[in-house]
Amino acid sequence: MPDLRILLYCPLSPNPPGIYDQSLQGIFGLDWPYPIDYAFGRQDTPPGGDGGYDQITAKYNYARKLVLDNDYDALFTVESDMIIPSMTLQRLIRVEADVAYGLYCSRHGRHQWLAYAWMNDKNGESVDHGYEWCVDVWGQAAETMGVGLGCTLIWRRVLESIEFTRRGGSANDWYFSLDCRKNGFVQKHDFGIICGHIDKERDKIRVIWPSIENPLRMYEVKELT
């Protein structure tokens, strides 16, 4: 474990504040006794195309290049609007998978869990449609179809085979999960790593958390303090 070389990469938002204080606190507050390198991505004006999605794809490919060019064993991605628990990296390392995810909710729509039971190029369904299954795996790691790079550990062998791409209307994390599946890489979520997703709505800032307290609403919302 001390010889394991990990790059923590955080793509900064082009919008203020760039990264939330709570996200920084989580990144630098990890309970991890070994060396770790950090990189913060700030490439905000890619040429042409859909600026937002193209921008984030370019950032992740830059992180991929850093890993492959500098002999890192794994890429640990934490996005600038995530609140992660201190034990996150310790738990992700222990997950027996090629790609391991912490659990968080979408900021949009019905705030579904970004952990998918099935998906194709255009559609998919979150595991949170199966309440009993979610209760059974709560606190444990279980295989999923992936989705989301907000809190994700990707081993080098995956990055050697897969580049981050966009091939349609979704963000690059969607196609990354599909490509992992296509190449036979195992993806698992650790449902014991419960992450908050910060959402700014007008003048209010709130945090969306996964929850199993209510089968009709698999999340809870708290004001950011």
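Where a number appears in this text, it was derived from the coordinates with a stated rule and is not lab data. Worth saying up front: this structure is predicted, and the values here are computed from it rather than measured. Because the Cβ atoms are built from the backbone with ideal geometry, glycine has one as well, and the counts that use them run over all protein chains shown.
Tabulated data
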{"quantity": "For the stretch 161-198 and the stretch 115-130, distance of Cα centres in Å", "calculated": "12 Å"}
{"quantity": "³J(HN,Hα), Karplus 6.51/-1.76/1.60, whole Hz, each residue of the stretch 211-216, x for Gly, Pro", "calculated": "8, 10, 6, 10, x, 8"}
{"quantity": "Computed E for W138/R42 - FRET, C-beta separation, R0 25 angstrom, nearest 0.05", "calculated": "0.10"}
{"quantity": "Relative contact order, percent, the chain [alpha-carbon distance under 8 Å, six or more residues apart]", "calculated": "23 percent"}
{"quantity": "Residue order, fewest to most surrounding Cβ atoms within 10 angstrom, among L149, L30, L159", "calculated": "L30, L159, L149"}
{"quantity": "Likely footprinting exposure, H129, H189, fewest C-beta neighbours within 10 Å first", "calculated": "H129, H189"}
{"quantity": "Candidates E201, E143, E96, ranked by Gaussian network fluctuation over the chain, Cα under 10 Å, top entry", "calculated": "E201"}
{"quantity": "Cross-link reach list, lysines versus K59, counting only Cα pairs under 27 Å and skipping chain neighbours closer than eight places", "calculated": "K122, K182, K188, K200"}
{"quantity": "Antiparallel bridges, percent of DSSP beta bridges restricted to the chain (to nearest 5)", "calculated": "65 percent"}
{"quantity": "Karplus 3J(HN,Hα) series, Hz, for the stretch 158-163 with 6.51 cos²θ - 1.76 cosθ + 1.60 (x for Gly, Pro)", "calculated": "6, 5, 5, 9, 10, 9"}
{"quantity": "Among P85, P33, P11, residue whose mean-square fluctuation peaks in a GNM of the chain (springs only between Cα atoms under 10 Å)", "calculated": "P33"}
{"quantity": "Inter-probe distance in nm under a simple model that places probes 7 Å from Cα toward Cβ, at K122 and H108", "calculated": "1.7 nm"}
{"quantity": "Two-site FRET efficiency, D21 against N70, from Cβ-Cβ distance with R₀ of 30 Å, rounded to 0.05", "calculated": "0.55"}
{"quantity": "Stokes-Einstein D (µm²/s) once Rh is taken as the Kirkwood radius of the chain over alpha-carbon pairs, at 20 °C in 1.002 mPa s", "calculated": "121 µm²/s"}
